[in-house]
Amino acid sequence: MGSLYFFFFFFFLSIELILATDTITPTRVIRDGETLVSSPEVFELGFFSPGNSTKRYLGIWYKKIPETVVWVANRNNPIIDREGVLTIITNGNLVLLNKTKSIIWSSNTSRKVENPVAKLLDSGNLVLKDNFSTGSESYLWQSFDYPSDTLLPGMKLGWDLKTGVERYLTSWKSSDDPSYGDFTYRIDIHVLPQIFIYNGSTKMARTGPWNGFFLGEVPKSPNFLFEPTFVYDKNEIYYRYESVNNPVIMLTKITHSGFFQRLIWKEMGSIWDFVASEPNDLCQYYGKCCANGVCNIDKAPICECLQGFIPESQQNQTSPTRCIRSSPFDCSSGDRFIKLTGLKLPDLVETSLNDTMSLQECESKCLKNCSCKPYANFIVSRGCLMWSGDLIDIRKHVDDSSGQDLYIRVPTSEQGSLFCYS
């Protein structure tokens, strides 16, 4: 009988020790100086002080790269000492307490379960769930729904249209301060989805609209590092990527200086290597050339007015605020369209969409509407986008196959030419 007692005692003790490595329960807390480690030890959760700061934050980082923090709980509400505690309270919420037991941060979920636990998954996702449930549908809360400045493989960037929840990245204020910075990286779903970098409410850069296959400036060619996915349906609109080679450590982030970066960890040398950093040239900055202008990084000067447009002021050709029509439309005598190829389409300002029209139907509808300036396909062979206002943030791609066609309206009598300015 005694041997049976000791068997069960050590059996349940071993379960407790296993749980302790990656799981918090109502009776098991994490204090400053202690950590959770995912299985098999890719990510670690605990308290940290960034850079030269002495303030304490709860975060998640790569276990073998502890200086690379990928998520922060109490970004705008640091703890000033080393008395912080992460625990599950009686209402089932995961909370961060200071030494006076005041709540510094909370998962703030209203759903309750009998056996709540918080577990750090090997994806880097911290989840609150019932201990006896499986599958992501049973999560009461997850950190992947509340990104900081980093998008990990498997995380969604975008919208849950059923709940209205938007997942987007917000930069740190500085390398010493993880509080909300000036820059965000997010999907705008006005008319069609586009990814933007914002500085506050100001647009800094954008990909171009979703065309059914890829986002304007996101490469459509296959690569051997990651597999991108874009979902656009009535329930969700989101971008996600997965690492093609699982042992490879990869992340994307928005920096405190406003750059979106894709990084890969180099084991030899123990450094992060830049796969991409955007904006990476002048034409990637939003509206670098004036309204109704096009940016071509391979030309000097890089800006020129679209065909059918000239600088608004002949005395200010070097830096006009906009390009204007070289001659007005004449709907009564007829207009025609000039096809421009290999472009990042203009921003979707003063734009209408019909996703079932053919290209010919789109042309006919635009021609009948004197306020319609250009039109383009939404998807390569169908759909209709029509612009009635100024055309902003157009870029000419080096490779025509990377861009889309835009049909610019001009009077029948006009030949059309590009008017360059610096």
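Derivation of every value follows stated rules applied to the coordinates shown; laboratory data play no part. Keep in mind that this is a model prediction, so the values were computed, not measured. Cβ placement follows ideal geometry from the backbone for every residue including glycine, while neighbour counts extend to all protein chains displayed.
An ellipsoid equivalent to the stretch 147-280, defined through the eigenvalues of its Cα gyration tensor, has semi-axes of 23, 20, 14 Å when rounded to whole angstrom and sorted largest first.
Using only Cα coordinates, the Kirkwood hydrodynamic radius of the stretch 293-411 works out to 14.8 Å. Computed over the chain, the P(r) tail beyond 33 angstrom holds 45 percent of alpha carbon pairs.
3J(HN,Hα) along the stretch 61-66: 9, 5, 4, 8, 9, x Hz, from the Karplus curve 6.51 cos²θ - 1.76 cosθ + 1.60 with θ = phi - 60°, whole Hz, x for Gly and Pro. Highest mobility in the GNM of the chain, judged by mean-square fluctuation with C-alpha springs under 10 Å and restricted to Met386, Met204, Met357, is found for Met357. By the Kirkwood approach, averaging reciprocal distances over each pair of separate Cα atoms, the stretch 106-190 gets a hydrodynamic radius of 14.5 Å.
For the Cα atoms of the chain, what angle does the longest principal axis make with the long axis of helix 2-22, in degrees from 0 to 90, nearest 10? For 2-22 against the chain, the angle is about 30 degrees. Quick check: from the Cα gyration tensor, does the stretch 17-144 come out rounded (a/c under 1.5), prolate or oblate? Because a/c hits 1.5 or more and a/b fails to exceed b/c, the stretch 17-144 counts as oblate. Dipole size of the chain about its Cα centre, with +1 on Lys/Arg Cβ and -1 on Asp/Glu Cβ: approximately 500 debye, rounded to the nearest 20. Projecting the Cα atoms of Asn199, Pro209, Thr252 onto the dipole axis of the chain, where Lys and Arg carry +1 and Asp and Glu carry -1 at the beta carbon, places Asn199 farthest toward the positive end. Between 0 and 90 degrees, the angle of helix 359-368 with respect to the longest Cα principal axis of the chain falls at about 60 degrees. Kirkwood's formula applied to the C-alpha pairs of the stretch 261-313 gives a hydrodynamic radius of 13.7 angstrom. In terms of overall dimensions, the C-alpha atoms belonging to the stretch 355-399 reach 31, 24, 13 Å along their principal axes, ordered largest to smallest. Dipole magnitude for the stretch 147-280: computed about the Cα centre from +1 point charges on Lys and Arg Cβ and -1 point charges on Asp and Glu Cβ, it is near 240 debye.
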